[in-house]
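Below: the structure, in structure tokens.
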Number of protein chains: 2
Amino acid sequence: MRSGVPPLRKESAVIADPLELVREEMALVESRLTCAVASREKLLTEICLHLVAGGGKRLRPLVALMAFKMMGGTRTEAIVDMAAALELIHTATLLHDDIIDDGEQRRGKPSAYKCYGLTDTLVAGDFLFIKAFEFAGKFDERVVQWTSDACTSLTEGEILQSSYVRNPKVTLKEYIEIVERKTACLFHAGAKIGAYLAGAPDERVRILGDFGLNLGICFQIMDDILDVVGTEEILGKPVGMDLKDGNPSLPIILAIKMGKRKVRSAFEGNGGSIPDLATALEEIKKSGAIARAHGYSRRYALNAEACLRRLPFSEHREGMERLVDLLVDRTF
Amino acid sequence: MRSGVPPLRKESAVIADPLELVREEMALVESRLTCAVASREKLLTEICLHLVAGGGKRLRPLVALMAFKMMGGTRTEAIVDMAAALELIHTATLLHDDIIDDGEQRRGKPSAYKCYGLTDTLVAGDFLFIKAFEFAGKFDERVVQWTSDACTSLTEGEILQSSYVRNPKVTLKEYIEIVERKTACLFHAGAKIGAYLAGAPDERVRILGDFGLNLGICFQIMDDILDVVGTEEILGKPVGMDLKDGNPSLPIILAIKMGKRKVRSAFEGNGGSIPDLATALEEIKKSGAIARAHGYSRRYALNAEACLRRLPFSEHREGMERLVDLLVDRTF
């Protein structure tokens, strides 16, 4: 049973879908997610399912499961709980992000915030954090600490990002710092915990952690690129939201550094009309910022692959390499 | 060192302050709280300290510490971590509550929400939940489950309450259900975990859990009463907020059941002007609803005391009885 998880790439017969390698475990994750959001308050379950059952790539569970399998893990029950915990944490942040960004759409439908309002969406996010910790809290102290560290990073990344909203002085170094904390930390924790729960030695746990961090950064850069060059259908939300909200994405930062004044102006929130935004997005596309951003994304993909090559060859390592390829070229 | 924790009752020489019995442990809790909110992002620490260092009665830690001592606990380090975790959870809910209720004031100063805005306050609440679970997650599976159950109840209570906002049909039974979930569950968890960490047998753990639940309900009813009869100075926020926000408090419910139409109208949000609210508050005071609410508060205090009497006499049991007396008569 695929339980509604879409394949990572539909059209290719040559490159197999890495999900195939952990299909059974992913079905267990799906059922753990459904159980986790069951509440005495039906509304709470409904809000959580609005997002949890509404698609999502399940990348964080996938990375954790694959790292676990790569390291020869067999205690499936344990890794399934942790993989579900990571997805719950991710979903909690999406619910809260929609409140923060006043997000209208998510995964191709109205956001939970728009459907259910502030109170219930905020509380549903808290509920998901709590459920995630219920799962994670049953592991040993190291796993609890790593999970907590990743979640702490998420919040610190959000605060750091909010201090750079509409601030054109944000540097590339600061951007990477935000991305490490806001996105990559969960990939980092997932890969590390997957390896650890498989009983891998410390050095391999560390290497897989590094792999996750680099993959996460690559993934976020692609997310930033798609926000400019994607379509509403692919994104599940309107294009250009980073520019509209003043969130410092890589193409925006690069275009501003190239002296693109319409981009800078739109990012700073001057003239935020739809035609102004469209013009600024066109300016980013023509500036070469997208190609440069792709260059960064590829660099982090190469770092991730270099980590993998330090680990023994296996079917799952090959699957993980495939995942990197899919993410760095992704259009989804 | 008292670390800024105010005595529970300043004026009485006859009834000693129960805090005296756990003064050393409470100082350790204070220092754990200060450590817990340390973040790379100074703003995050600042927002958390705005509330954590801004007073607060530390009742949840107090109940946990006292239950631990009553049961002869000696592993102080463990109970201090859990006591701090309970206060962090409570503080996280206060930050999120201020967003939900658009709260202007808290503990005698502008709320974090008014000082720091939506994004940073929401994220700071998440951060405190995470830090609490970092502490709680290091204990065994039962403690993790109880903590998670209490937090789940908090969110479910919030959702349940929000479904009764401005709804005059709310019954007493529904009110108690809300209070059990929204407030009493943390007292319940604190007392239960305190006893468990002290190594008490299951029956005593259960009795102390019951004690905490009853004390928590008594406490919340008094909170509801003070919202009507208190002063801004005592409350640290304006009086009548429950009526203004349409939150179903016990005096409001009782006055509506007595047919008080101005109360009903103000609660339903019709004519929410300041004079209308003042008139409705006067109507509650004259209706006898306060005396009846006091009766309920006393009933739960008696239940709590009955639980204590089932446990062996000790200095700490006496202190806990004193705590019940102080809370049921409290004007703070």
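The values are calculated or read from the model by the stated rules, or taken from the named source; none is laboratory data. On a predicted model such as this, the values are computed, not experimentally measured, just so you know. Note that we place each Cβ from the backbone using ideal geometry, even for glycine, and neighbour counts take in every protein chain shown. Quick note on the areas: whole protein, heavy atoms, side chains included, nothing else; ligands and nucleic acids left out. Shrake-Rupley method; radii C 1.70, N 1.55, O 1.52, S 1.80 Å.
A few comments on the model shown:
- Checking A:Ala92 against (1) of a type in the set (A, V, I, L, M); (2) away from chain B (no Cβ under 11 Å); (3) open to solvent by less than 40 Å² (accessible area, probe 1.4 Å), the condition it does not meet: (2)
- Of the candidates A:Arg32, A:Arg2, A:Arg23, A:Arg9, the single residue that is modelled with pLDDT of 95 or more and more than 18 Å from B:Thr155 (Cα to Cα) is A:Arg32.
- Where helices (runs of 4 or more DSSP H) fall wholly inside the stretch A:252-332, the ranges with 2 or more residues that are of a type in the set (Phe, Trp, Tyr) and modelled with pLDDT of 95 or more are A:289-309.
- For B:Arg106, the requirement of being in contact with an Asp or Glu (Cβ under 7 Å, 6 or more places away or on another chain) and not small (Gly, Ala, Ser) is met.
- Every residue from the stretch A:130-144 that is touching a Lys or Arg at 6+ places or on another chain (Cβ under 8 Å) and more than 17 Å from B:Ala150 (Cβ to Cβ): A:Glu141, A:Val144
- All of A:Lys131, A:Lys173 fail the test of being crowded, with 23+ Cβ neighbours inside 10 Å and either at pLDDT 95 or above or touching a Cys at 6+ places or on another chain (Cβ under 9 Å) (or both), apart from A:Lys131.
Here's the yes/no breakdown for (1) polar (S, T, N, Q); (2) closer than 21 Å to B:Gly117 by Cα; (3) in a loop (DSSP other than H, G, I, E, B); (4) open to solvent by less than 20 Å² (accessible area, probe 1.4 Å):
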position	(1), (2), (3), (4)
A:Ser148	yes, no, no, yes
A:Asn167	yes, yes, yes, no
A:Ala184	no, no, no, yes
A:Ala189	no, no, no, yes
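- Taking the conditions (1) open to solvent by 10 Å² or more (accessible area, probe 1.4 Å); (2) over 30 Å from B:Met70 (Cβ atoms); (3) part of a helix (DSSP H, G or I) in turn, B:Ala124 satisfies each one other than (1).
- Scanning the stretch B:121-138 for residues that are farther than 15 Å from B:Gly103 by Cα and within 8 Å of chain A (Cβ to nearest Cβ) returns B:Val123, B:Ala124, B:Asp126, B:Phe127, B:Phe129, B:Ile130, B:Lys131, B:Phe133, B:Glu134, B:Ala136, B:Gly137, B:Lys138.
- The stretch B:26-53, residues that are touching a residue at least 40 places away in the same chain (Cβ under 8 Å), of a type in the set (A, V, I, L, M) and open to solvent by 20 Å² or more (accessible area, probe 1.4 Å): B:Leu28, B:Leu43, B:Ala53
- Every condition in (1) crowded, with 18+ Cβ neighbours inside 10 Å; (2) touching a residue at least 24 places away in the same chain (Cβ under 8 Å) is met by A:Gly269 except one, and the failing one is (1).
- The stretch B:11-114 holds helices (runs of 4 or more DSSP H) entirely within its bounds, and those carrying 1 or more residues that are of a type in the set (Gly, Ala, Ser) and under 15 Å from the mean Cα position of the chain (by Cα) map to B:59-70, B:76-101.
- Any hit, the stretch A:70-82, residues being within 23 Å of A:Val205 (Cβ to Cβ), facing chain B (nearest Cβ under 8 Å) and touching a residue at least 60 places away in the same chain (Cβ under 8 Å): no
- Residues that are more than 7 Å from every other protein chain (Cβ to nearest Cβ) and under 30 Å from B:Gln161 (Cβ atoms) within the stretch A:148-166 comprise just one, A:Leu154.
- So B:Gly117, is it of a type outside the set (Phe, Trp, Tyr), buried (at least 21 other Cβ atoms within 10 Å of the Cβ) and either within 10 Å of chain A (Cβ to nearest Cβ) or touching a helix residue (DSSP H, G or I) at 6+ places or on another chain (Cβ under 6 Å) (or both): no
- B:Ile217 more than 24 Å from B:Ala189 (Cβ to Cβ) and either touching a residue at least 40 places away in the same chain (Cβ under 8 Å) or open to solvent by 10 Å² or more (accessible area, probe 1.4 Å) (or both): no
- Residue ID - farthest from the chain's Cα centre (by Cα), chosen from residues in the stretch A:299-321 that are without any contact (Cβ under 8 Å) to a residue 60 or more places away in the chain and open to solvent by 70 Å² or more (accessible area, probe 1.4 Å): A:Phe313
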